[in-house]
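Working notes for the structure below.
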Amino acid sequence: MDVRAPKGTADMLPDTARAWEHLTRTAQELFARYGYEPVYTPLFEHTEVFARGIGEATDIVSKEMYTFADRAGRSLTLRPEGTASVVRAALEHTLVPQGSLAKLYYAGPMFRYERPQKGRMRQFWQIGLEALGAAEPGVDAEVIAALWRFFETVGIPADNMRLLLNSMGDDVCRPGYRATVAAYIGEHAEALCAECNRRLDTNPLRAFDCKNPACAQVMAGAPLLRDELCEPCATHYAEVKARLDALGIPYVEEPKLVRGLDYYTRTVFEVQADAGLGSQNAIGGGGRYDGLMEMFGGKPTPGLGFALGFERTLLAMEAAGATVPSPPRADVYVARVDESVAAVVFDVASALRDAGIAAELDHQARSLKAQFKQADRLGARAVVVVGPDEAAAGEATLRDMSTKEERRVALATVVDALRALLG
Ligand code: AMP
């Protein structure tokens, strides 16, 4: 058997898993301050949730989905992102009755069949947030602020990040603009790659995203939606920027930012961090998707959200020297002089754990010296030593690891003595 995890996946070993828990805890605390509640949707959905929601012409749907038939022959897909699922759940459970607002966040793995490289995995982990029901530009600024503050809170300094901002327009101004770009692409067809030509009819705006240098050169001269936004979209965009200015969140207007998903309308944004990341430098991004709920058969419901990538955030944190808090693995080590007192030691450790104190003990008949070494490695601040003499007297020796002081205490008072010692 091949014991390696499948290509593009990785085991989260304790250090990484601790980082994931730190980030999800940070998200939980921070997003709660903004009024967001947790939501967990299934890891797989009916394929059409993504095919329709994200768009047939996107890379995700056309090339990257893990789609399978279950035993009853239904087509299911491992979720490639979170928004479509959250909107599907909001519709199923009527989370956004007319006039209300649902503020939700989630965290978990996503799956895309991409070519693995640094910061790009086939199973990767995201933390995301969605605000459903509000059309006002204030909620755009709130969502962007939550993302920006998250990165700052986990230790990525503002100087290491760049917030790109754009407006994709709406049903009124985008169709005309799409046609303009399609015509522009048609005029430059011979200079553009096959992929950009192929998407001419389905998704011409994606040509702005193409990594091919020749395409980038052509698209540098393409007409910009910024200049063709309808009045309401232009006003909305201006107000989002004014709110971000007021918050002191720096942004760079990037009129070519289109993002890969079909559902975006109006505000789109992306946070990039260069240090620690190669070409995959987007650590988070999102946008408004006012038409998505309706596309799923619901009432027109405005919404927007973001997703941030755990693996890339961690790389950016490492590059910035940000650390993940790692509490000592044991406050107390309970050591035994020999096996005759194994049961007593087990009872003492259990009593400590029941009292809320992190306690470790030996399970491998190690020497006392080895047990003290282990206590050091675990960061224990005290060691309780039990030998046959102590046990016979109903006592234990308590050693304070910082002062090296030792004293005998009655077994019945060990928990209280350690509570006092640990403060
Ligand atoms: P997206 O859903 O494509 O907007 O991605 C949101 C964030 O998820 C990105 O900014 C990345 O940080 C992260 N991300 C997207 N795709 C991958 C991937 N294949 N591997 C690792 N992280 C990813």
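The values are calculated or read from the model by the stated rules, or taken from the named source; none is laboratory data. The structure presented is a predicted model; accordingly, all values stated were derived computationally and were not measured. Methodologically, a virtual Cβ is constructed for each residue, glycine included, from the backbone with ideal geometry; neighbour enumeration extends over all protein chains shown. With ligands, DNA and RNA removed, areas are computed over all heavy atoms of the protein, side chains included. Shrake-Rupley method; radii C 1.70, N 1.55, O 1.52, S 1.80 Å.
Observations on the structure shown:
- Crossing angle, helix 231-247 versus the chain [Cα axis fit, 0-90 degrees, rounded to tens]: 30
- Whole-angstrom gap from region 76-128 to region 372-419, using each part's C-alpha centre: 49
- Ranked by how many other beta carbons lie within 10 Å on average, peptides 282-293, 70-81, 326-337 from highest: 282-293, 326-337, 70-81
- Of all accessible heavy-atom area on region 1-75, the percent that carbon and sulfur account for (1.4 Å): 52
- Cross-link table Lys118/Lys373; Lys118/Lys256; Lys103/Lys211; Lys63/Lys241; Lys63/Lys118; Lys63/Lys103, entries beyond 29 Å C-alpha to C-alpha: Lys118/Lys373; Lys103/Lys211; Lys63/Lys241; Lys63/Lys103
- Residues of the chain: accessible area per residue with a 1.4 Å probe, Å²: 47
- Peptides 154-160, 309-315 ranked from most to least packed, by the mean per-residue count of other Cβ atoms within 10 Å: 309-315, 154-160.
- For the chain, taking Cα atoms only, Rg and Dmax work out to 27.8, 94 Å respectively.
- Computed extension length for Ala355-Arg178: 57.3 nm, one decimal, from 0.36 nm per residue of separation with the Cα-Cα distance subtracted.
- For region 415-421, Karplus couplings with θ = phi - 60° (6.51, -1.76, 1.60), whole Hz, Gly/Pro x: 4, 5, 4, 6, 4, 5, 5
- Theoretical FRET efficiency, 1/(1+(r/R0)^6), r = Cβ-Cβ of Glu190 and Ala72, R0 45 Å, to 0.05: 0.40
- Here each label is just a point 7 Å from Cα along the line to Cβ, and for Asp227 and Asp201 those points are 2.9 nm apart.
- Per-peptide average of other Cβ atoms within 10 Å, ordering 393-403, 268-278 highest first: 268-278, 393-403
- Approximating the spin labels as points 7 Å out from Cα along Cα→Cβ, the Ala238-to-Arg33 distance works out to 3.2 nm.
- ³J(HN,Hα), Karplus 6.51/-1.76/1.60, whole Hz, each residue of region 391-404, x for Gly, Pro: 4, 4, 8, x, 10, 8, 9, 10, 10, 7, 6, 8, 8, 6
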